[in-house]
Amino acid sequence: MALAVWDDQDDLLNANFIKVAQKRGQRVEEDMIGDMALADVKIPICPKPSVIPALKLNKGTTTLGFQYNGGIIIAVDSRASTGQYIASSTTMKVIEINNYMLGTMAGGAADCQFWHRVLGQECRLWELRNNQRITIAAASKILWNILYHYRNHGLSVGTMVAGWGSQGPSLYMMDDSGTRLKGNLFSVGSGSIYAYGVLDADYRADLSDEEAIALGTRAILHATHRDAGSGGWIQVYHIHKPDANGNAWERVVREDCMVLFQKGQEEKTMAKLGPNDP
């Protein structure tokens, strides 16, 4: 069916168009008229702002690890943040590489999880090839080689590798810029400055296991209270000398940071009141 065509500059009404179409012997349906009328309507376009604000997907976390005479303490929070939004409150930021080695994740969750999974595979292949456990130093060197190779490629990784190998307990820190450091105390993440404040005040090498676990818990608790990117659950792992089954770590704390904070506030209030006050 042929359609009548008119110049866009002619401001014809629907009624006039029907008359013209009838004179030519053409049949015009009502829905066609409606479509043509809508086609002539100029829909206003929303003006484009001169400056479009960039969506900054900043990440936040708090992880720490320190070595003392009784082994190594690894403590983390569980909040995964995407800028001002909380993506998850139950993220596992301690990656169990094998039964004697742990890794932590700070930065991009996908980058850390993927490359720690690759590290676990490489450690298992090492054991099969050499018929012995890989040392913590060698495992950290494998991960460092990967991160150094992909530096300036957009990775977001700040991680620690800790464990008890043939040479005893070891703690290493690495990041996506190619840094690899061995030390006795590290904290990585947006809340690390608050964790360092607690650790620097109370850390010492001769801590008992109970004191070390309490120190790691308290450091993460203070960081989650002050840092908006940290929160959720506090998890603390203790790396110790391997037992008869070869297991060298155990999770000793998993507590909600809000519950611990409220409990601490109540204890402070009771201490100020004194035992004889109502």
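Amide H to amide H under 5 Å from Thr61: which residues, 5+ apart in sequence or cross-chain, H placed 1.01 Å off N in plane?
Hits under the 5 Å cutoff: Ser190, Gly191.
Between the range 96-113 and the range 166-190, what is the C-alpha centre distance in whole Å?
That distance is 12 Å.
Output the pairs from Lys59/Lys268; Lys241/Lys263; Lys59/Lys93 with a Cα-Cα distance over 22 Å in this structure; if there are none, say none. Walk me through the numbers on the way to the answer.
Details: Lys59/Lys268 32 Å; Lys241/Lys263 32 Å; Lys59/Lys93 13 Å.
Beyond 22 Å: Lys59/Lys268; Lys241/Lys263.
Can you pull the three principal axis extents for the Cα set of the range 197-278, in Å, largest first?
Principal-axis extents of the range 197-278 (Cα, largest first): 52, 33, 24 Å.
Which whole-number percent gives the relative contact order of the range 56-189, counting Cα pairs below 8 Å spaced six or more residues apart?
Working: 270 pairs, mean separation 36.2, N = 134.
Normalised by residue count, the contact order of the range 56-189 is 27 percent.
Assuming 1.567 mPa s and 4 °C, estimate D for the range 53-129 with Stokes-Einstein, Rh taken as the Kirkwood radius over Cα pairs, in µm²/s.
Once the numbers are plugged in, D ends up at 91 µm²/s.
Of the listed peptides 119-127, 166-174, what is their order by residue-averaged count of other C-beta atoms within 10 Å, with the highest listed first?
The most tightly packed comes first, giving 166-174, 119-127.
How large is the charge dipole for the range 185-278, taken about the Cα centre, if only the Cβ atoms of Lys, Arg (+1) and Asp, Glu (-1) carry charge, to the nearest 20 debye? Intermediate values should be presented prior to the final figure.
Values: 9 positive and 14 negative charges, 45 e Å.
That gives a dipole near 220 debye.
If I take every Cα pair under 8 Å that is 6 or more residues apart in the range 130-278, average their sequence separation and divide by the length, what percent do I get for the relative contact order?
In percent, rounded to a whole number, it is 16.
For the range 123-243, with the dipole built from +1 on Lys and Arg beta-carbon atoms and -1 on Asp and Glu ones, taken about the Cα centre, which of Ala205, Ile146, Met173 lies farthest toward the positive end?
Ile146
Solvent-accessible area per residue for the range 207-278 at a 1.4 Å probe radius, Å²?
The answer is 60 Å² per residue.
Please tell me the relative contact order of the range 149-198 in percent, rounded to the nearest whole number, where contacts are Cα pairs under 8 Å and at least six residues apart.
The value is 28 percent.
Let me know the Kirkwood hydrodynamic radius for the range 76-210, please, with Cα pairs as the basis and the value in Å to one decimal.
15.9 Å is the Kirkwood radius here.
Give me the percent of the accessible area of the range 125-240 that comes from carbon and sulfur atoms, probe 1.4 Å, all protein chains in place.
50 percent
The values are calculated or read from the model by the stated rules, or taken from the named source; none is laboratory data. Being a predicted model, the structure only gives us computed values, none of them experimental. Cβ: placed from backbone, ideal geometry, glycine included. Neighbour counts: every protein chain shown. Calculation scope for accessible area: heavy atoms of the full protein, side chains included, ligands and nucleic acids excluded. Shrake-Rupley method; radii C 1.70, N 1.55, O 1.52, S 1.80 Å.
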